[in-house]
Amino acid sequence: MAVASNCAKTLSTGNSVNHAVKRAHGLLRLFLDRAFEHKEITFPQWIVLISLRDGAARMAADLSRALEQDSGALTRLIDQLERQKLLKRFPNAFDRRVHDLLLTPEGGALLDALTPAVATVYNEILSELSHADVEALLRLLNKLIAGAKSFTTVHSITDRKGKK
């Protein structure tokens with residue numbers, strides 16, 4: 001196990017992994033939201049569509065977990081995408097209480113049309129990094145995510161009042 005590089009005496013926003021990841025996410029999200037300002041859908045809706053296309057989820061609950069998004073907000077996104085005929089809900093074959101989600105041909109076409117805008121933002125933001133740097137960044141972020149998932153398994157998550 002690695003030794004933590006942060007200790008209470010020296011921890012600051014300048015050396016905090018949390019601060020750096022949150023700042024990077026905030027900037028990425030800002031530029032991606034701007035790239036979608038005059039498009040048919042928003043960036044969060046694009047994320048839902050690409051998650052369905054890539055098989056990251058089949059049901060709303062799967063999407064909620066995969067995207068770490070509140071189920072109510074996600075339901076609203078799904079409702080909007082369904083009204084636009086970009087995805088379709090249909091009853092699950094094994095559990096009538098849930099619905100599977102399917103990307104429609106129109107949703108796939110729109111996803112294909114908008115994905116270059118996302119790639120442009122990513123390429124611009126990552127332009128100072130080499131291909132090896134990007135691969136290393138992804139590898140390290142995935143290790144961070146795995147460590148966080150392991151942490152939540154070992155340490156039960158409690159709400160702010162100390163209840164599980």
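Since every read-out is calculated from the coordinates, none of them should be taken as a lab result. Just so it is clear, the model here is predicted, and its values are computed rather than measured. Positions of Cβ are generated from backbone atoms using ideal geometry, with glycine treated the same way; all protein chains shown enter the neighbour counts.
The long axis of helix 131-154 is offset from the longest Cα principal axis of the chain by roughly 90 degrees. Taking 0.36 nm per residue of separation and subtracting the current Cα-Cα distance, fully stretching the chain between Arg58 and Phe94 would add 11.6 nm.
Taking Cα atoms, how many degrees apart are the long axis of helix 17-35 and the longest axis of the chain, rounded to 10 and kept between 0 and 90? Approximately 30 degrees, to the nearest 10.
Largest GNM mean-square fluctuation across Leu137, Leu86, Leu114, computed for the chain with C-alpha springs under 10 Å, falls on Leu137. In this simple spin-label approximation, Glu37 and Arg83 carry label points 7 Å from Cα along the Cα→Cβ vector, and these lie 2.4 nm apart. What number comes out for the charge environment of Asn142, summing +1 per Lys or Arg and -1 per Asp or Glu over other residues with Cβ under 13 Å away? Summing Lys and Arg as +1 and Asp and Glu as -1 gives +2.
Considering only Leu74, Ile41, Pro105, the residue lying farthest towards the positive end of the dipole of the chain is Leu74, judged by Cα position with unit charges set on Cβ.
Exposure proxy shown here: for Leu138, Leu49, the number of other Cβ atoms within 10 Å sets the order, fewest to most, as Leu138, Leu49. What the Cβ-Cβ distance of Leu138 and Glu68 gives, at R0 = 25 Å and to the nearest 0.05, is a FRET efficiency of 0.90. The helix-based estimate of mean residue ellipticity at 222 nm for the chain, built from -39,500 (n - 2.57) per DSSP H run of four or more residues and divided by its residue count, is -19500 deg cm²/dmol to the nearest 500. P(r) for the chain, from all Cα pairs and a bin width of 10 Å, is 8, 28, 33, 23, 7, 1 %, short bins first.
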